[in-house]
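Participant: Okay, handing you the structure first.
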Amino acid sequence: MNEPLEKSYQRQRETIHELLETGRFNQIRSLLNILRPADVAVLLESTPPKERRVVWNLFSESDQSEILHEIDEDFIEGLLGDKSAEELFPVIDQIVSDDDLIDVLQHLPDTITYQLLQSMTTQDRARVETLLSYPEDTAGGLMDTDTISVRPRVSVDVVLRYLRRHESLPATTDKIFVVNSQNKYLGLVHLSKLVVSDPSRTVREIMTTDFDPINAETPETEVASRFERYDLISAPVIDQDGSLIGRITIDDVVDVIMEQADKSLLGLAGLAEDEDTFAPIFKTARSRAIWLGANLGTAFLASAVINIFEDTIEKVVALAILMPIVASMGGVAGSQTLTLAIRSEALGQLADSNQIWLIKRELAVGAINGFVWAAIVAAAATFVFDDMLLGGIIASALIINLLIAALAGAVLPGMLKSIGADPAISGSVVLTTITDVVGFMSFLGLATFFYA
């Protein structure tokens, strides 16, 4: 029976660590040489930085270029950032894919990138500079310029003979693109249709024209959504003039999806999207301190609300015992709605046209849960403290807070996005503040009114 993949990685990491401690570098080379580049990339990403750099330097330049194709781009700077342009050029020169090359160059110091560009041929430099001009989170930043295009007037036989002249087709090629004499995109032909068509037919007769190409300025999240919606393997990319400038393939889109998932997961905990498990202590502490400080500020705000009702709490000590329940229940209910809204926005399901419907639905859900749990909490409070008024107060506060939590969770993603804030990162902090303040204010305010 084959060993589980994760267990195999763990065993290999432990072996490499032991070999590094004893300086047996030749044995490490032998161990790594039997692994595929993708497996080596996983091992490097799960190795502490000091050991990671030692292992990286054991590879030849050709092996390093293959590993760079597989490794997460967030690790590139740590591996290459301290190298000179002369040291990097032999590695960079062997990277075949344009999008992989761009990923590397975007994570190097500007001076090194400039020197590497100057060492390229005029044609290669012009192509790479064009790609670098697009933001990395757009279709232009994702695309590869390695495409196959044909004219509509040529026959299927001519196209097949043209393809056979290539030693190999670009990776993940499932279609070829049709352009006119000015390189304007006209349509595409699936390879599966090309090989079964009558050789005498023209490309115009068999091409598909109802597929909209992707503009180079399109955000990567929208690109990923299109690939998911239409089950694409590749898609053409055009510039503002409609000229074919490249293509995006499914492997690049999978990377986008994984990055977005990581970003959302880390954002909910207030962590930076490029958080490295093995990042230096002070770098990690600095990145987390920002959100700890923001959370402290919101905690002071909630404490200030409590302080307003100090006299009421002194008279009715049970309030101090019960008020965390109101805030906690609101926080959980709001987080459920917030997470749903953020997910819906990421999938392109939430828009202005249906947001009101979502708000109404979440308010209805909040009301139902509010009344159900308010009855339970009120009964428990009345039984424990023998005070029916106290039970009624906490029930009312709980309903109010759950309704506000549902409303806040539904509208916060859109509001934060409109001001340029990332809902996945800042949404939970803002939501917690709202539910804490509203929870304490409603519970203690009602108590002050009725016990006065």
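The values are calculated or read from the model by the stated rules, or taken from the named source; none is laboratory data. Model, not experiment: these values are computed from the prediction. Glycine gets a Cβ as well: all are built from the backbone with ideal geometry, and neighbour counts include every protein chain shown.
Participant: Given the conditions (1) assigned to a loop (DSSP other than H, G, I, E, B); (2) touching a His at 6+ places or on another chain (Cβ under 8 Å), and given that I76 satisfies all but one, which numbered condition is not satisfied?
Facilitator: (1)
Participant: Of (1) in a helix (DSSP H, G or I); (2) closer than 30 Å to I257 by Cβ, I393 satisfies all except one. Which?
Facilitator: If we test I393 against (1) in a helix (DSSP H, G or I); (2) closer than 30 Å to I257 by Cβ, just (2) comes out false.
Participant: Could you identify the single residue in P49, P37 that is within 23 Å of D82 (Cβ to Cβ), in contact (Cβ under 8 Å) with a residue 40 or more places away in the chain and not basic (K, R)?
Facilitator: Values: P37 fails: in contact (Cβ under 8 Å) with a residue 40 or more places away in the chain.
Every option except P49 fails the conditions.
Participant: Just checking, which of I342, I400, I356 is modelled with pLDDT of 90 or more, within 34 Å of the chain's Cα centre (by Cα) and in a helix (DSSP H, G or I)? Full working, then the answer.
Facilitator: On the way: I342 fails: modelled with pLDDT of 90 or more; I400 fails: within 34 Å of the chain's Cα centre (by Cα).
So the residue among I342, I400, I356 that is modelled with pLDDT of 90 or more, within 34 Å of the chain's Cα centre (by Cα) and in a helix (DSSP H, G or I) is I356.
Participant: Can you report the number of residues in the stretch 276-317 which are crowded, with 16+ Cβ neighbours inside 10 Å, of a type outside the set (S, T, N, Q) and within 17 Å of A452 (Cα to Cα)?
Facilitator: Within the stretch 276-317, residues that are crowded, with 16+ Cβ neighbours inside 10 Å, of a type outside the set (S, T, N, Q) and within 17 Å of A452 (Cα to Cα) number 4.
Participant: Please tell me if G334 is touching a helix residue (DSSP H, G or I) at 6+ places or on another chain (Cβ under 9 Å), under 28 Å from S287 (Cα atoms), of a type in the set (G, A, S) and surrounded by 15 or more Cβ atoms within 10 Å (Cβ to Cβ). If you could, list the steps in order and put the result at the bottom.
Facilitator: Details: touching a helix residue (DSSP H, G or I) at 6+ places or on another chain (Cβ under 9 Å): yes; under 28 Å from S287 (Cα atoms): yes; of a type in the set (G, A, S): yes; surrounded by 15 or more Cβ atoms within 10 Å (Cβ to Cβ): yes.
It is true that G334 is touching a helix residue (DSSP H, G or I) at 6+ places or on another chain (Cβ under 9 Å), under 28 Å from S287 (Cα atoms), of a type in the set (G, A, S) and surrounded by 15 or more Cβ atoms within 10 Å (Cβ to Cβ).
Participant: Answer yes or no as to whether E217 is assigned to a helix (DSSP H, G or I), in contact (Cβ under 8 Å) with a residue 40 or more places away in the chain, surrounded by fewer than 18 Cβ atoms within 10 Å (Cβ to Cβ) and not assigned by TED's automatic domain parsing to the domain that holds R127.
Facilitator: Details: assigned to a helix (DSSP H, G or I): no; in contact (Cβ under 8 Å) with a residue 40 or more places away in the chain: yes; surrounded by fewer than 18 Cβ atoms within 10 Å (Cβ to Cβ): yes; not assigned by TED's automatic domain parsing to the domain that holds R127: yes.
No: the conditions fail for E217.
Participant: With touching a residue at least 60 places away in the same chain (Cβ under 8 Å) and within 23 Å of F450 (Cα to Cα) as the only criterion, which of I399, I404 stands out? Show your work before the answer.
Facilitator: Working: I399 fails: touching a residue at least 60 places away in the same chain (Cβ under 8 Å).
None of the others qualify; the one that does is I404.
Participant: So which residues in the stretch 129-188 are surrounded by fewer than 16 Cβ atoms within 10 Å (Cβ to Cβ), in a strand (DSSP E or B) and among the hydrophobic types (A, V, I, L, M, F, W, C), if there are any at all?
Facilitator: Once the filter is applied, which keeps residues that are surrounded by fewer than 16 Cβ atoms within 10 Å (Cβ to Cβ), in a strand (DSSP E or B) and among the hydrophobic types (A, V, I, L, M, F, W, C), the stretch 129-188 yields nothing.
Table: residues versus (1) surrounded by 14 or more Cβ atoms within 10 Å (Cβ to Cβ); (2) among the aromatic types (F, W, Y); (3) closer than 23 Å to S426 by Cβ; (4) outside the structural domain of I325 (by TED's automatic domain parsing).
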site: T339; (1), (2), (3), (4): yes, no, yes, no
site: D352; (1), (2), (3), (4): no, no, yes, no
site: Q355; (1), (2), (3), (4): yes, no, yes, no
site: L358; (1), (2), (3), (4): yes, no, yes, no
site: A364; (1), (2), (3), (4): no, no, no, no
site: A367; (1), (2), (3), (4): yes, no, no, no
site: W373; (1), (2), (3), (4): yes, yes, no, no
site: A381; (1), (2), (3), (4): yes, no, no, no
site: F385; (1), (2), (3), (4): yes, yes, no, no
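Participant: A further question follows. Of everything in the stretch 55-73 that's within 26 Å of the chain's Cα centre (by Cα) and not in a helix (DSSP H, G or I), which residue is surrounded by the most Cβ atoms within 10 Å (Cβ to Cβ)?
Facilitator: Narrowing the stretch 55-73 to residues within 26 Å of the chain's Cα centre (by Cα): 64-73.
Next cut, not in a helix (DSSP H, G or I) only: 71-72.
On the way: I71: 23, D72: 17.
So the residue we want is I71.
Participant: S46: modelled with pLDDT under 85, out of contact with any Leu (no Cβ under 8 Å at 6 or more places or on another chain) and under 21 Å from E129 (Cβ atoms), yes or no?
Facilitator: On the way: modelled with pLDDT under 85: yes; out of contact with any Leu (no Cβ under 8 Å at 6 or more places or on another chain): yes; under 21 Å from E129 (Cβ atoms): no.
Here the answer is no, as S46 does not meet what is asked.
Participant: Here is a further query. So, in the stretch 114-128, exactly how many residues are assigned to a helix (DSSP H, G or I) and surrounded by fewer than 19 Cβ atoms within 10 Å (Cβ to Cβ)? First the steps, then the outcome.
Facilitator: Step one: filter the stretch 114-128 for residues assigned to a helix (DSSP H, G or I), giving 114-118, 122-128.
From what's left, surrounded by fewer than 19 Cβ atoms within 10 Å (Cβ to Cβ): 114-115, 117-118, 122-127.
Counting residues in the stretch 114-128 that are assigned to a helix (DSSP H, G or I) and surrounded by fewer than 19 Cβ atoms within 10 Å (Cβ to Cβ) gives 10.
Participant: Kindly provide the set of residues from the stretch 220-237 that are more than 19 Å from P135 (Cα to Cα) and assigned to a strand (DSSP E or B), ordered by number.
Facilitator: Result: S234, single match.
Participant: Of the numbered conditions (1) of a type in the set (A, V, I, L, M, F, W, C); (2) over 32 Å from the mean Cα position of the chain (by Cα); (3) closer than 26 Å to R343 by Cβ, I233 satisfies every one except a single condition; which is it?
Facilitator: Of everything listed in (1) of a type in the set (A, V, I, L, M, F, W, C); (2) over 32 Å from the mean Cα position of the chain (by Cα); (3) closer than 26 Å to R343 by Cβ, I233 misses just condition (2).
Participant: Moving to a separate point now. Please verify whether the stretch 206-223 includes one or more residues that are out of contact with any Phe, Trp or Tyr (no Cβ under 8 Å at 6 or more places or on another chain), modelled with pLDDT of 95 or more, of a type in the set (A, V, I, L, M) and more than 14 Å from T138 (Cβ to Cβ).
Facilitator: For the stretch 206-223, residues out of contact with any Phe, Trp or Tyr (no Cβ under 8 Å at 6 or more places or on another chain), modelled with pLDDT of 95 or more, of a type in the set (A, V, I, L, M) and more than 14 Å from T138 (Cβ to Cβ): present.
Participant: Right, next: Please find, among F383, F371, the residue that is assigned to a helix (DSSP H, G or I) and modelled with pLDDT of 95 or more. Quick ask: steps written out before the conclusion?
Facilitator: Details: F383 fails: modelled with pLDDT of 95 or more.
One residue alone meets the criteria, F371.
Participant: Please name all residue pairs, on different chains or six or more residues apart, with Cβ atoms under 6 Å, provided the first residue is in the stretch 283-300 and is touching a residue at least 40 places away in the same chain (Cβ under 8 Å) and the second residue is in a helix (DSSP H, G or I) and polar (S, T, N, Q).
Facilitator: Hits for this filter: T298/T433.
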